[in-house]
Amino acid sequence: MSDLLTLTPEGLFCPKIDAHIDPVRPVDRAIITHGHADHARAGHGAVLATRQTLEIMSLRYGGNFCGQQQTLDYREQLTIGGVDISLHPAGHVLGSAQVLLENIGGRTVVSGDYKRQGDPTCVPFELVPCDTFVTEATFGLPVFKHPPALGEVRKLLQSLELFPDKVHLVGAYALGKAQRVIGELRAAGYDRPIYLHGALVKLTDYYQSQGIDLGSIEAVGGRGKELAGEIVLCPPGQLADRWARRFGETVTSMASGWMRVRARARQRGVELPLIMSDHADWDGLCRTIEETGAGQIWVTHGAEEALVHWCQINGRKARPLNMIGYDDGEDAELGPSAEAAQE
């Protein structure tokens with residue numbers, strides 16, 4: 001496929017450094033872009049990642065999730081087999097990174113998952129010029145345009161004013177989304193305590209330990225109807241679970257880029273959809289491809305064909321990789337992490 005990168009059943013592979021990037025099954029050596037369950041799996045012999053990604057993996061899988069860990073800070077360079085390796089912010093979740101591989105043959109960037117919108121809970125996306133750019137396409141259709149997050153959380157705050165006698169129950173994934181919702185609420189001026197399902201506490205505490213100020217956070221514990229007028233965050237799977245019945249009459253919300261699709265909101269029983277994504281929307285994907293200057297684009301997962309077609313009509317070589325083992329973005333967080341835990 002290229003001098004630096006090829007495709008194996010385990011995923012993207014760089015032969016010159018003998019390492020896979022976000023492999024879908026255990027391998028000897030892996031570079032991990034971020035801690036979401038469909039990219040960061042346990043069981044590898046050795047893992048290279050940012051410190052925060054390694055710590056998140058340890059929290060989710062236990063300290064022995066791999067044989068050996070190696071930390072690489074943003075923009076720090078490591079040279080193996082004549083290839084310079086560096087990690088650059090992806091703006092997706094805390095610790096998320098793009099992988100830059102560079103040698104005399106050129107520069108290849110594997111972006112992992114990324115977004116271009118601002119986020120108070122992680123380092124912003126950094127544009128890395130390259131010759132070959134490997135991009136996701138989770139929201140790779142023109143219909144997906146993510147509005148500013150501030151406007152979405154204001155919908156939630158307006159609903160609180162209209163229905164002060166109801167608990168506002170917000171479905172949000174444990175890594176990245178829950179913390180971003182809290183951070184955006186704080187940026188909008190909301191200073192009351194925010195209550196969390198037990199499955200969201202560990203990672204939220206970790207974010208705060210990393211200097212992310214999320215204000216007053218409390219676990220729901222045994223409370224229920226007495227939280228009327230408050231905001232409660234929980235894993236999306238708990239919205240329709242018996243756990244949610246303790247609150248009596250609620251306003252049910254969910255924060256996800258998929259809330260742009262009304263059928264998805266109805267399927268989840270969501271009354272107040274919040275279109276808030278940790279992935280680039282269509283415009284963000286196209287803009288990023290253009291700004292990297294890459295002449296060759298590989299599309300890893302999502303709406304691959306649409307983005308490949310856009311690249312081709314805009315003068316870039318492009319191909320879908322048709323990789324299996326990755327979920328469609330945000331739904332991946334229903335995986336092996338703590339979301340399934342009950343209080």
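What the table below lists for this structure:
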item	result
Extreme residue, nearest to I182 (Cα to Cα), among residues of the stretch 244-274 that are assigned to a helix (DSSP H, G or I) and in contact (Cβ under 8 Å) with a residue 60 or more places away in the chain	G257
The stretch 291-343, residues that are open to solvent by less than 60 Å² (accessible area, probe 1.4 Å), modelled with pLDDT of 65 or more, assigned to a helix (DSSP H, G or I) and not aliphatic (A, V, I, L, M)	T292, E304, W310, C311
Single residue of the stretch 1-12 satisfying the filter (farther than 19 Å from T53 by Cβ and touching a Leu at 6+ places or on another chain (Cβ under 7 Å)) that is most open to solvent (accessible area, probe 1.4 Å)	M1
Any chance R287 is at pLDDT below 95 and surrounded by fewer than 21 Cβ atoms within 10 Å (Cβ to Cβ)	no
Subset of the stretch 271-283 (residues that are within 16 Å of E152 (Cβ to Cβ), within 17 Å of the chain's Cα centre (by Cα) and either surrounded by fewer than 20 Cβ atoms within 10 Å (Cβ to Cβ) or not charged (D, E, K, R) (or both))	L274, I275, M276, S277, H279
Some residue of the stretch 82-91 being more than 25 Å from P15 (Cβ to Cβ) and within 18 Å of the chain's Cα centre (by Cα)	yes
In the stretch 240-255, the residues that are open to solvent by less than 20 Å² (accessible area, probe 1.4 Å) and either aliphatic (A, V, I, L, M) or at positive phi (or both)	A244, V251, M254, A255
Long-range neighbours under 9 Å by Cβ, at least six apart or interchain, first residue within 16 Å of Y74 (Cα to Cα) within the stretch 120-136, second open to solvent by 70 Å² or more (accessible area, probe 1.4 Å)	E126/R75; L127/E291; P129/E291
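The values are calculated or read from the model by the stated rules, or taken from the named source; none is laboratory data. Since the structure is predicted, the reported quantities are computational estimates derived from the model, not experimental observations. Ideal geometry is used to build each Cβ from the backbone, glycine not excepted, and the neighbour counts take in all protein chains shown. Surface accessibility is based on the protein's heavy atoms, side chains included, excluding ligands, DNA and RNA. Shrake-Rupley method; radii C 1.70, N 1.55, O 1.52, S 1.80 Å.
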